[in-house]
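What follows is a single structure, written as structure tokens, with notes after it.
The values are calculated or read from the model by the stated rules, or taken from the named source; none is laboratory data. Since this is a predicted model, take the numbers as computed values, not measurements. Every residue, glycine among them, receives a Cβ derived from its backbone with ideal geometry; neighbour counts consider all protein chains shown.
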Amino acid sequence: MNPLSFELVLAPIPYFWPRGRVLSFYEAIAEAPVDTVVLGETVCARRAELRLPDWIALGRDLAAAGKRVVLAGYALIESESHLKWVRRLVEQDEFAVEANEMGTVRLLAAAGRRDWIAGASLNVYNPHALAQLHEAGARRWLPPPELSRAALAHLLEGFTALEQGTIETELPVWGPLALAHSARCFTARHYRLQKDACEFRCLAHPAGLPLATRDGADFLVLNGVQVLSARPWSLMDRLEEVTPLAQALRLVPAPEGTLERIAALDRARRFGEMPAPEPESCNGFWYGESGFVYRAPSSSPLAAR
Amino acid sequence: MMNSSRVRRPELVCPAGNPAMLKAAVEHGADAVYLGFKDATNARNFNGLNFDERSLAQAIELAHAHGCRVFLALNTYPQTEGWARWTAAVDRAAALGVDALILADLGLLAHARERHPELRIHLSVQGSATNHEALAFYHERYGIERAVLPRVLSLEQVAQVVRQSPVAVEVFGFGGLCVMVEGRCALSAYATGQSPNCHGACSPAKFVRWDETPQGLEARLNGFLIDRYAPEEPAGYPTLCKGRFAVGGHTYYAIEEPTSLNTLELLPRLIEIGVAAIKIEGRQRSAAYVAQVTRVWREAIDAALAAPQDFSPHPQWLAALDRVSEGASHTLGAYSRPWK
């Protein structure tokens with residue numbers, strides 16, 4: 001494979017890790033060959049080991065280490081106090097913001113920000129929807145998990161045809177899929193605790209709580225108010241299908257293996273060295289199939305061409 | 001909080017999956033019905049359900065003759081290849097004279113606003129808007145006049161949204177209960193490839209398999225074991241999030257029990273906080289369901305408006321609703337948060 005060209009982006013940590021673990025994780029990231037680091041808590045407003053000023057301070061450290069830094073907002077805003085937090089996020093202009101719900105989009109647009117990132121939960125499935133967010137100031141976007149490679153290609157062709165300007169596409173290449181979001185906390189439910197008195201049990205599950213079917217098949221992961229796929233999404237073994245469609249590739253932090261995955265992606269762009277297939281991962285959505293499906297590179301619909 | 005002269009009479013919005021359901025809703029006192037075309041353009045794309053152009057025209061005529069409004073749900077997210085089909089559906093609905101479109105997709109919202117500036121637009125629950133800033137976004141840009149809130153907010157949070165919202169707010173009052181933020185759930189897509197967002201279906205029946213096994217009756221969704229029932233246990237439809245799963249050595253309803261939503265007892269409070277409309281879920285149910293639920297909710301809303309202080313749900317109302325509800329039990333859902 002020829003060396004590939006892409007920006008490597010590290011997604012926010014989806015799990016609730018203790019402050020010390022977060023800080024030492026990013027100390028290592030500062031030295032790793034990622035270009036952009038997206039910081040912040042996106043899943044649950046009760047998770048506050050780091051507060052906004054802490055994330056901003058961490059962002060400054062990473063920026064000093066040469067990283068581009070983005071601050072991400074919550075995926076679900078339930079109350080006025082959450083909105084206050086979003087307003088503070090939007091008011092800081094040191095870093096670009098990733099919007100993960102439409103109230104955040106409104107505040108960014110109202111502030112005249114033209115540098116924000118439209119997160120995957122904003123449900124952009126067609127070029128006309130993308131044009132609406134572009135007009136509101138988005139300069140980069142992430143497709144929803146269900147969008148297939150073919151649908152993404154059509155969408156991007158359609159967006160170009162609209163002649164509304166340009167927007168960068170960022171695609172996840174590794175990480176558990178964020179399948180659902182609720183106001184209810186499934187981790188608290190597991191411990192028979194109320195959400196407002198959850199004792200921060202997520203802290204004990206650095207990769208979430210695995211959920212299996214009654215016949216023992218790994219199925220999902222409970223991550224507080226979020227449900228993730230048990231199989232991580234991976235396009236690492238078919239990067240040549242991804243790079244024609246996206247300027248930036250995103251990797252989700254995990255308790256294990258993040259630095260190794262970063263190194264593998266970096267080798268792909270520097271030397272054209274292809275990461276090994278991951279049969280325990282999933283890529284069905286990429287081919288318009290059920291999300292849990294894994295297709296080996298040799299059985300990719302594109303492999304024969 | 002709100003004095004009685006300003007009390008807003010909430011509209012009762014009932015499901016019409018077919019002409020018989022529409023007739024039942026209209027005759028039993030619905031202020032409005034919502035329905036969809038027979039295809040993937042709406043979030044209840046089930047076999048044998050929904051309306052074609054001809055039956056929609058008749059539906060509008062019948063509803064309007066009874067002073068009932070007709071809202072058309074076009075609330076799935078079109079992909080690029082399907083774009084022309086979705087915009088054609090918007091244009092067709094406008095030409096037929098529906099009273100409002102229920103939309104979620106930003107592109108379709110822009111299309112409807114531009115091509116049909118006179119047409120009333122409601123934001124679908126699939127739009128996932130949970131705060132007044134989000135509602136302001138849709139109002140300022142697309143002129144939405146009403147939004148349906150996801151079933152994840154508490155009553156106090158709904159009140160907070162209503163107080164600051166630039167548009168009228170519609171909430172779910174009765175029927176099936178999504179525990180996830182609507183428009184944000186790909187669980188069905190992960191297991192079956194079919195989703196509410198793109199196909200208008202969750203845990204579709206064609207992927208369901210029932211097997212009698214030595215361990216009991218098993219319900220599978222595209223191969224995934226959603227639940228297993230002992231001989232006397234009542235078996236429910238295997239909606240993915242309402243199955244029993246194993247977490248940390250325990251097998252239980254790990255995401256949500258198979259209960260349905262009933263907010264009848266909250267009615268005076270919903271009226272007090274100023275919700276503009278109460279929505280009944282269930283376009284995939286029957287005319288008998290619609291008749292029963294519409295009748296009870298009509299009586300209840302009228303009673304709550306006449307004498308809010310004295311309001312309490314009549315036992316016969318609750319019994320009537322119990323007879324038609326899915327699953328054995330009811331919950332107030334997120335409105336009152338026992339889990340909070």
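Observations
- Per the listing A:103, A:158, the residue uniquely closer than 27 Å to residue B:195 by Cα, within 9 Å of another protein chain (Cβ to nearest Cβ) and surrounded by fewer than 22 Cβ atoms within 10 Å (Cβ to Cβ) is A:158.
- Selection from region A:189-202 of residues that are at the interface with chain B (Cβ under 7 Å from one of its Cβ atoms), farther than 21 Å from residue A:231 by Cβ and not polar (S, T, N, Q): A:189, A:195, A:196
- Region A:278-305 - residue that is away from chain B (no Cβ under 14 Å) and crowded, with 16+ Cβ neighbours inside 10 Å and, of those, farthest from residue A:220 (Cα to Cα): A:300
- Those residues of region B:27-58 which are part of a strand (DSSP E or B) and closer than 24 Å to residue B:206 by Cβ, in sequence order: B:35, B:37, B:51
- Qualifying residue in region B:88-101 (condition: within 12 Å of another protein chain (Cβ to nearest Cβ) and either in a loop (DSSP other than H, G, I, E, B) or charged (D, E, K, R) (or both)): no
- Any hit, region B:251-274, residues being part of a strand (DSSP E or B), surrounded by 15 or more Cβ atoms within 10 Å (Cβ to Cβ), within 13 Å of chain A (Cβ to nearest Cβ) and small (Gly, Ala, Ser): no
- Residue B:312 meets each of the listed conditions (1) out of contact with any helix residue (DSSP H, G or I) (no Cβ under 7 Å at 6 or more places or on another chain); (2) in contact (Cβ under 8 Å) with a residue 60 or more places away in the chain; (3) among the small types (Gly, Ala, Ser) apart from (2).
- Residue count for region A:206-250 under the criterion of being crowded, with 20+ Cβ neighbours inside 10 Å, in a loop (DSSP other than H, G, I, E, B) and either of a type in the set (D, E, K, R) or at the interface with chain B (Cβ under 10 Å from one of its Cβ atoms) (or both): the result is 2.
- When residues of region A:80-100 are limited to those that are surrounded by fewer than 17 Cβ atoms within 10 Å (Cβ to Cβ) and in a loop (DSSP other than H, G, I, E, B), the one farthest from the other protein chains (Cβ to nearest Cβ): A:94
- Hits in region A:20-46 - residues which are surrounded by fewer than 19 Cβ atoms within 10 Å (Cβ to Cβ), over 26 Å from residue A:6 (Cα atoms) and either in contact with a Leu (Cβ under 9 Å, 6 or more places away or on another chain) or touching a residue at least 24 places away in the same chain (Cβ under 8 Å) (or both): A:21, A:23, A:45, A:46
- Region B:166-192, residues that are assigned to a loop (DSSP other than H, G, I, E, B), touching a residue at least 12 places away in the same chain (Cβ under 8 Å) and at the interface with another protein chain (Cβ under 7 Å from one of its Cβ atoms): B:179, B:181, B:183, B:184, B:185
- Checking residue B:240 against (1) more than 23 Å from residue B:27 (Cα to Cα); (2) buried (at least 22 other Cβ atoms within 10 Å of the Cβ); (3) assigned by TED's automatic domain parsing to the domain that holds residue B:14, the condition it does not meet: (3)
- Residue that is over 30 Å from residue B:23 (Cα atoms), acidic (Asp, Glu) and surrounded by fewer than 19 Cβ atoms within 10 Å (Cβ to Cβ), where the choices are B:118, B:133, B:114: B:114
- Yes/no for residue A:69 being more than 8 Å from every other protein chain (Cβ to nearest Cβ) and closer than 21 Å to residue A:8 by Cβ: yes
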